[in-house]
Amino acid sequence: MTPPSFPESEWAIMEVLWASSPQTASEVAKVLAVTKGWAENTVRTLLGRLVEKGALAVAEEAGPPRRYVPAVRREACVKAESESFLDRVFRGAAKPLLVHFASNAELTPEEVKELKKLLDDSIKKNKNPKP
């Protein structure tokens, strides 16, 4: 199953629940009131949308209040969003993305070293694919 796509507002909800779950709507709202200034009704609306999309589930605990848990892994959503962005903006080509990123990001020497290692590892992996 392909993870659902989220607008920025739903990502904010998911990030709170990926960090700690299960949580009630009130608990999520308390976190987002500080960072986003959202009212609890806004959070409840977004939670409902995410349940409808299959991204969240209601924990199997008896009685109210409802406690929400992610039904999709963050890593799967990040991968799907990254692929969608790459397809939309760079027509699926990784090289222009990397060139743009390297030209415009302010990278520390340690980050450059880490990226070089990742690229070297990618070359080795492609030369020796698993059967």
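The values are calculated or read from the model by the stated rules, or taken from the named source; none is laboratory data. In this text, all values refer to a predicted model and were calculated from it rather than measured experimentally. Virtual Cβ from ideal backbone geometry, glycine too; neighbours counted across all protein chains shown. Areas reflect the complete protein model, heavy atoms only, side chains present, ligands, DNA and RNA absent. Shrake-Rupley method; radii C 1.70, N 1.55, O 1.52, S 1.80 Å.
List, largest first, the extents of the alpha carbons of segment 1-59 along their principal axes, each in whole Å.
Over segment 1-59, Cα extents along the principal axes are 34, 23, 19 Å.
For segment 92-106, just list the computed ³J(HN,Hα) in residue order, Karplus coefficients 6.51, -1.76 and 1.60, θ = phi - 60°, integers in Hz, with x standing in for Gly and Pro.
With the stated coefficients, segment 92-106 comes to x, 8, 6, 4, x, 4, 5, 5, 4, 4, 5, 6, 10, 8, 8 Hz.
Which value, in debye to the nearest 20, gives the size of the charge dipole of segment 73-131 about its Cα centre, when Lys and Arg are +1 and Asp and Glu are -1 at the Cβ?
On the way: 13 positive and 10 negative charges, 78 e Å.
The calculation lands at about 380 debye.
Which value, in Å², gives the accessible area per residue of the chain when a 1.4 Å probe is used on the protein heavy atoms?
So the chain comes to 73 Å² accessible per residue, rounded to a whole number.
Give me the extension gain from ASN128 to SER84: residue separation times 0.36 nm, minus the current Cα-Cα distance, reported in nm with one decimal.
Values: separation 44, 0.36 × 44 = 15.84 nm, distance 2.73 nm.
Residue separation times 0.36 nm, minus the Cα-Cα distance, leaves 13.1 nm.
Rounding to the nearest 10 and keeping the result within 0 to 90°, find how far the Cα-based axis of helix 74-90 lies from the longest principal axis of the chain.
So the helix axis and the longest Cα principal axis differ by about 60 degrees.
Which percent of the accessible area of segment 77-131 is formed by carbon and sulfur heavy atoms (probe 1.4 angstrom)? Could you put the intermediate results ahead of the total?
On the way: 2970 of 5000 Å².
Accessible surface attributable to carbon and sulfur in segment 77-131 totals 59 percent.
If you plug each phi of segment 119-126 into the Karplus form 6.51 cos²θ - 1.76 cosθ + 1.60 with θ = phi - 60°, what whole-Hz ³J(HN,Hα) values come out, in order, with x for Gly and Pro?
5, 4, 4, 5, 5, 4, 5, 6
Under the 0.36 nm per residue contour assumption, what length would be gained going from the current alpha-carbon distance of ALA59 and LEU118 to full extension? All intermediate terms of the calculation are to be shown ahead of the outcome.
Numbers: separation 59, 0.36 × 59 = 21.24 nm, distance 3.82 nm.
Stretched out fully, the ALA59 to LEU118 stretch lengthens by 17.4 nm.
5 Å is the cut-off here: which amide hydrogens, built 1.01 Å from N in the peptide plane, fall below it relative to TRP38, excluding neighbours closer than 5 in sequence?
ALA33
Could you work out how far helix 40-53 tilts from the main Cα principal axis of the chain, as a 0 to 90 degree angle to the nearest 10?
Roughly 60 degrees between the two axes.
Remind me, relative contact order of the chain in percent, using alpha carbon pairs under 8 angstrom and six or more residues apart?
Values: 99 pairs, mean separation 29.2, N = 131.
Relative contact order for the chain comes out at 22 percent.
Can you give me the three principal axis dimensions of the chain from its C-alpha atoms, in Å, biggest first?
Its Cα atoms span 55, 38, 27 Å along the three principal axes.
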